[in-house]
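A quick write-up on the structure given underneath.
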Amino acid sequence: MHSHGLVLTTTDRGEGPVFDEFFAAYDGAFVLPDEKEDREGLAICLALNHGPENAALTASFGPFRELCVVAHDEADGQFVGGANFIASPYTAADGTQVVTANLNYIFLAPEARGKGRFRALNAAVRALIAGLFSDTPADQVLIFIEQNDPFRMTREAYARDTDYTGMDQFDRLRIWRRLGAMIVDFPYVQPALSADQDADDTLVYSVLGATGANIPADVLRHHLERFFHISVLKGAEDDGESVIGDQLRRLAQMIARGEAVPLIDPAPALERIGDPIAAIAAPPAPSFRDFARACRL
C-alpha cells in the first residue's frame, strides 16, 4: 500500500520476512517491562487471524483483523517505522457504522525522527484501517491508543523511557494532541499481557478520530471487549473478576443508564506544565486524566 509518501507492507502471521523486520525494530523501540509483547505473544495474537480459533472468535465477537505493519520511504526504500493494531467494524446503538482499532504499538526508526514522518505514518495507518472493512470513511474510524501517564509512572520508569527515546513524557502527550488525540475519561487499566507481567494502571487511554465531546459507551465497550479478549487474552476465557470484567461491567452499567463516555482535551493541562521534573515530583492530581479534567473546568 502506498500512502503519504510511505510504502506499507503488512502481515497477519507471526513468521516470515515482514514479521521479522517488524519485530526486530519493535523490540528495540520499547523498554518498559509491562508495555510490550514478546515474539511468541505477538505470534499467538496473529495466529488468531486464521483457522478454527479465528472462526470461534468471529462467531463470538464478529470480524476482526490484527496486523503488523512496516513502513518504508517511497522515494529511497529506507525503513521508517512500524505499527501493530487490531481493528473491527461495529454498528453503534444509534445506527452509526464505525471501525474501532487499538493501535497497540507505533514507532519510528531513530533516523526517521524529527522529519514529520510520525504524522505521515499515523495517517497512512489510518488509511489502511479504513480500507480493511468495505472502505470505511476515514471520519468513521476511531483509533484508541495507550499513553504513559507521567503522574502515575515511577520515577525510574519515567527516566528510563525518557532517556531511551530521547523524548519527555509530556512532550509525547503534546505530539499526540497535535495529531488530534483526546483523553477518554474512563478508568482504563491495561490487563497483563502475559502470565509473567502485571496489569498496568499507569496509562492514559486516548482516541483519535472522535469529533464530539463524548463517545457512546457501547462503542467503547465493543472495542475493549474485542481488544481484551483477542489481543490480550489471545482467545482464552476471562473469569469475570479481573480488571477486564471490572471495566466491561462498568461500561455495561453506563449503557443501561444511557450515559456516554466524555472526552477531555489535554491541551489546557499540558499548557500548565512548566518544569516536567517538578510536575512528576509533586503531581497536582492523582492522574493526568484527573488533572486534565480539572483544567477543563
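Bear in mind that the values in this text are calculations on the coordinates, not laboratory data. The structure displayed is predicted, hence computed values, not measured ones. Glycine also receives a Cβ, built like all others from the backbone with ideal geometry; neighbour counts cover every protein chain displayed.
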**OP:** Quick one: what are the phi-derived ³J(HN,Hα) couplings along segment 141-146, Karplus 6.51/-1.76/1.60 with θ = phi - 60°, whole Hz, x for glycine and proline?
**Re:** 10, 10, 10, 9, 9, 9
**OP:** Using just the alpha carbons, could you tell me how many Å³ per residue the convex hull of the chain encloses?
**Re:** 133 Å³
Original post:
How would you classify segment 1-154 from its alpha-carbon gyration tensor, with a ≥ b ≥ c the square roots of the eigenvalues: rounded for a/c under 1.5, else prolate if a/b is greater than b/c, otherwise oblate?
Top reply: rounded
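Run lengths n ≥ 4 of DSSP H only: what is the helix-derived mean residue ellipticity at 222 nm for the chain, with -39500 (n - 2.57) per run over all residues, to the nearest 500? Could the numbers behind the result be given before it?
On the way: 11 runs with 112 residues, N = 297.
Calculated mean residue ellipticity at 222 nm is -11000 deg cm²/dmol.
Out of the DSSP beta bridges found with both residues in the chain, what percent are antiparallel (nearest 5)?
Values: 41 of 45 bridges.
Here the share of antiparallel DSSP bridges comes out near 90 percent.
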Subject >> Cβ-Cβ FRET estimate between THR58 and TYR164, R0 fixed at 35 Å, reported to 0.05 >> reply: 0.35
Original post:
Given H placed on each backbone N at 1.01 Å, which residues far from TYR105 in sequence or on other chains put an amide H within less than 5 Å of it?
Top reply: ASN84
Original post:
Applying 1/(1 + (r/R0)^6) with R0 = 25 Å to the Cβ-Cβ distance of SER134 and ARG249, what FRET efficiency is obtained, to the nearest 0.05?
Top reply: 0.20
**OP:** Output the Kirkwood hydrodynamic radius of segment 47-106, Cα pairs only, in Å rounded to one decimal.
**Re:** 13.6 Å
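Would you mind counting up the charge near ILE273? Only other residues with Cβ under 11 Å from its Cβ, with Lys and Arg at +1 and Asp and Glu at -1. Spell out each step's value before the answer.
On the way: positive: ARG174, ARG272; negative: ASP168, ASP171, GLU271, ASP275.
Summing Lys and Arg as +1 and Asp and Glu as -1 gives -2.
Multiply the residue separation of THR154 and ALA75 by 0.36 nm, subtract the distance between their alpha-carbon atoms, and state the gained length in nm to one decimal.
24.3 nm
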Original post:
Looking at the square roots a ≥ b ≥ c of the eigenvalues of the Cα gyration tensor of segment 63-204, which shape do they give, rounded for a/c under 1.5, prolate if a/b is larger than b/c, or oblate?
Top reply: oblate
**OP:** Quick one: which residues, 5+ away or cross-chain, put their amide H under 5 Å from the amide H of VAL261? H built at 1.01 Å from N.
**Re:** ILE215, ALA217
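Dipole size in debye (nearest 20) for segment 84-296 around its Cα centre, Lys and Arg Cβ +1, Asp and Glu Cβ -1? Please list the in-between numbers first.
Details: 22 positive and 28 negative charges, 157 e Å.
The calculation lands at about 760 debye.
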**OP:** Find the centroid of the Cα atoms in segment 75-116 and in segment 209-223, then give the distance between the two in whole Å.
**Re:** 18 Å
Subject >> Estimated distance in nm for a label pair at ASP171 and ALA267, the labels positioned 7 Å out from Cα along Cα-to-Cβ >> reply: 2.1 nm
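Over all pairs of distinct alpha carbons, what does the Kirkwood formula give as the hydrodynamic radius of segment 27-81, in Å? Walk me through the intermediate numbers first.
Numbers: mean 1/r = 0.0725 Å⁻¹.
With all distinct Cα pairs of segment 27-81 included, I get 13.8 Å.
Would segment 237-297 count as rounded, prolate or oblate if I go by the C-alpha gyration tensor, calling it rounded below 1.5 in a/c and otherwise prolate when a/b exceeds b/c, oblate otherwise? Let's see the in-between values first.
Details: a/c = 4.19, a/b = 1.87, b/c = 2.24.
Taking the square roots of the gyration eigenvalues as a ≥ b ≥ c, segment 237-297 is oblate.
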